[in-house]
1. Anything in segment 26-54 that is of a type in the set (S, T, N, Q) and either part of a strand (DSSP E or B) or closer than 14 Å to V67 by Cα (or both)? List them, or say none.
2. Which of (1) assigned to a loop (DSSP other than H, G, I, E, B); (2) closer than 16 Å to N62 by Cα; (3) hydroxyl-bearing (S, T, Y) is the odd one out, the single condition T12 does not satisfy?
3. Under 7 Å between Cβ atoms, which residue pairs at least 6 apart in sequence (or on different chains) link something in segment 26-43 that is farther than 10 Å from S55 by Cβ with a partner that is surrounded by fewer than 16 Cβ atoms within 10 Å (Cβ to Cβ) and among the small types (G, A, S)?
4. Looking at the structure I just gave you, is L57 surrounded by 15 or more Cβ atoms within 10 Å (Cβ to Cβ), at pLDDT 95 or above, in contact with a Ser or Thr (Cβ under 6 Å, 6 or more places away or on another chain) and in a strand (DSSP E or B)?
5. Could you run through segment 5-25 and say how many residues are more than 16 Å from E66 (Cβ to Cβ), surrounded by 11 or more Cβ atoms within 10 Å (Cβ to Cβ) and either in contact (Cβ under 8 Å) with a residue 40 or more places away in the chain or out of contact with any Asp or Glu (no Cβ under 8 Å at 6 or more places or on another chain) (or both)?
Amino acid sequence: MSDWVKDGERVTAVYLGVIVTGVVESSRVKYGGKVQYALVLDSPVTFPWSTEPRSKLLIECNELLEV
């Protein structure tokens with residue numbers, strides 16, 4: 001498996017200034033070569049501009065803190 005594929009791994013990332021933890025559901029290379037991960041969060045997070053809690057986020061590879 002490739003080094004950038006993190007499917008099934010638990011990661012910690014920073015998303016719009018909020019630290020989140022979860023399991024990578026899928027990994028993909030975006031147009032232009034950047035890697036993006038679909039992250040299923042351990043616990044939903046709510047952002048100030050929305051009342052709807054998020055349980056899944058798209059994380060860029062440069063937003064990862066821990067794998």
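The values are calculated or read from the model by the stated rules, or taken from the named source; none is laboratory data. As the structure is a prediction and not an experimental result, all values here were calculated from the model. Every residue, glycine as well, gets a Cβ built from its backbone with ideal geometry; the counts of neighbours run over all protein chains shown.
1. Initial filter on segment 26-54 (of a type in the set (S, T, N, Q)): 26-27, 36, 43, 46, 50-51.
If the condition is that a residue be of a type in the set (S, T, N, Q) and either part of a strand (DSSP E or B) or closer than 14 Å to V67 by Cα (or both), then S26, S27, Q36, S43 are the ones that fit.
2. Answer for T12: the failing condition is (1).
3. From residues that are farther than 10 Å from S55 by Cβ, the pairs are A38/S26.
4. On the way: surrounded by 15 or more Cβ atoms within 10 Å (Cβ to Cβ): yes; at pLDDT 95 or above: yes; in contact with a Ser or Thr (Cβ under 6 Å, 6 or more places away or on another chain): no; in a strand (DSSP E or B): yes.
Considered against the rule, which asks whether it is surrounded by 15 or more Cβ atoms within 10 Å (Cβ to Cβ), at pLDDT 95 or above, in contact with a Ser or Thr (Cβ under 6 Å, 6 or more places away or on another chain) and in a strand (DSSP E or B), L57 comes out as no.
5. Initially, segment 5-25 is screened for residues more than 16 Å from E66 (Cβ to Cβ), giving 5, 7, 16-17, 25.
Filter once more, keeping what is surrounded by 11 or more Cβ atoms within 10 Å (Cβ to Cβ): 5, 7, 16, 25.
Imposing the further condition that a residue be either in contact (Cβ under 8 Å) with a residue 40 or more places away in the chain or out of contact with any Asp or Glu (no Cβ under 8 Å at 6 or more places or on another chain) (or both) reduces the set to 5, 16.
Qualifying residue count, segment 5-25: 2.
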